[in-house]
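Participant: Before I ask anything, here is the structure I am working with.
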Amino acid sequence: MYNNFTEEARQILMSAKNEMKELKHPYVGSEHLLLAILKSKDKIVLKLKEYGLSYDVFKNELNKNNVIKKVNDLLMCVRVRFTRNKENVSQET
């Protein structure tokens, strides 16, 4: 799959995957790609900085509003409740 991309694109994809792992997210999303681009030395980074968007600013916002963690926490609560309900049903039968 990676053979279809330039070396720079491959590096950004690998960096995005590392960002995903560091943030403990379950998938690589657009937020990870943007972090990887902001970390790169691409010319677009200078333009984004003109608008106040930098790697540190964006990463801080992701951490502050950790939607993925909130979703994962909610899913864990659902799993725990489901497991408890399943155990109760098993004990009743």
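The values are calculated or read from the model by the stated rules, or taken from the named source; none is laboratory data. Everything quoted here is computed from the prediction, not taken from an experiment. Ideal geometry is used to build each Cβ from the backbone, glycine not excepted, and the neighbour counts take in all protein chains shown. Surface areas here come from the heavy atoms of the whole protein model, side chains and all, with no ligands, DNA or RNA. Shrake-Rupley method; radii C 1.70, N 1.55, O 1.52, S 1.80 Å.
Participant: Pairs, please: C-beta under 8 Å, at least 6 apart or cross-chain, first residue in a helix (DSSP H, G or I) and in the range 46-71, second modelled with pLDDT under 80 and not aromatic (Phe, Trp, Tyr)?
Facilitator: If the second residue must be modelled with pLDDT under 80 and not aromatic (Phe, Trp, Tyr), no pairs are left.
Participant: Any idea which residue in the range 1-25 is nearest to residue 65 (Cα to Cα), counting only those that are in a loop (DSSP other than H, G, I, E, B) and open to solvent by 60 Å² or more (accessible area, probe 1.4 Å)?
Facilitator: Here the answer is 24.
Participant: Just give me the residues in the range 31-45 being open to solvent by less than 100 Å² (accessible area, probe 1.4 Å) and either in contact with a Cys (Cβ under 7 Å, 6 or more places away or on another chain) or in a helix (DSSP H, G or I) (or both), in sequence order.
Facilitator: Going residue by residue through the range 31-45, those that are open to solvent by less than 100 Å² (accessible area, probe 1.4 Å) are 31-38, 40, 42, 44-45.
Result: 31, 32, 33, 34, 35, 36, 37, 38, 44, 45.
Participant: Given the structure, is residue 28 outside any helix (DSSP H, G or I) and open to solvent by less than 90 Å² (accessible area, probe 1.4 Å)?
Facilitator: In short, yes.
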